[in-house]
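The values are calculated or read from the model by the stated rules, or taken from the named source; none is laboratory data. Treat the numbers as computed from the prediction; the structure is a model and nothing was measured. Backbone-built Cβ (ideal geometry, glycine too); neighbour counts: all protein chains shown. The protein model used for the area step is the full one, side chains on, heavy atoms only, and it has no ligands, DNA or RNA in it. Shrake-Rupley method; radii C 1.70, N 1.55, O 1.52, S 1.80 Å.
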Amino acid sequence: MSKIGIIKDIDKGRGEVVRVEISEYKGATLFNVRIWYTDPTGEYKPTQKGISISPDLVPMLREALEEAERRLA
């Protein structure tokens, strides 16, 4: 299985999804979380709303999300 690709699309409503994916840019592997929208032809297109980070930072991001989840509970 390739490590590059879409992990999950989370329906945000109004034709938008939060796309979690692993990609490559200029030879570097990146972890991306970005808002994508549906264009008039029905294809998903990326917006500028999102982040791309080094895979080394994913554990810290996960810890931050877990802490946010605890605080929201």
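Ranking D9, D39, D56 from most to least accessible surface, computed with a 1.4 Å probe over the protein chains only, gives D56, D9, D39. Relative to the Cα centre, the charge distribution of the chain, modelled as +1 at Lys and Arg Cβ and -1 at Asp and Glu Cβ, gives a dipole magnitude of about 100 debye.
Would you mind giving the average projected area, over all directions, of the Cα convex hull of the chain in nm² with one decimal? Please report the intermediate quantities before stating the final value.
Working: hull surface 26.2 nm².
One quarter of the hull surface, i.e. the mean projection, equals 6.5 nm².
Looking at the chain, which longest stretch skips every one of the trypsin sites (Lys or Arg not before Pro) that is in a DSSP loop with at most 14 other Cβ atoms within 10 Å, leaving the sites themselves out?
Working: sites that count: K3, R14, K26.
The reported range is 27-73.
Between K12 and K49, the simple label model (points 7 Å from Cα in the Cβ direction) yields a spacing of 0.4 nm. Per residue, the accessible area of the chain comes to 80 Å², computed with a 1.4 Å probe over protein heavy atoms only.
Determine the percent antiparallel among the DSSP beta bridges restricted to the chain, to the nearest 5. Looking only at bridges with both residues in the chain, the antiparallel portion is about 100 percent. For T47, the solvent-accessible surface computed with a 1.4 Å probe is close to 40 Å², ligands and nucleic acids excluded. Find how much the distance from R71 to K26 grows on full extension, using 0.36 nm per residue of separation minus their present alpha carbon separation; answer in nm with one decimal. Stretched out fully, the R71 to K26 stretch lengthens by 12.5 nm.
How large a share of the accessible area of the chain, in percent, is made up of carbon and sulfur atoms when the probe is 1.4 Å and the other protein chains stay in place? The value for the chain is 57 percent carbon and sulfur by accessible area. Which one, V20, V58, V33, has the greatest fluctuation when you compute a Gaussian network model over the chain with C-alpha springs under 10 angstrom? Most flexible of the set in this elastic network: V58.
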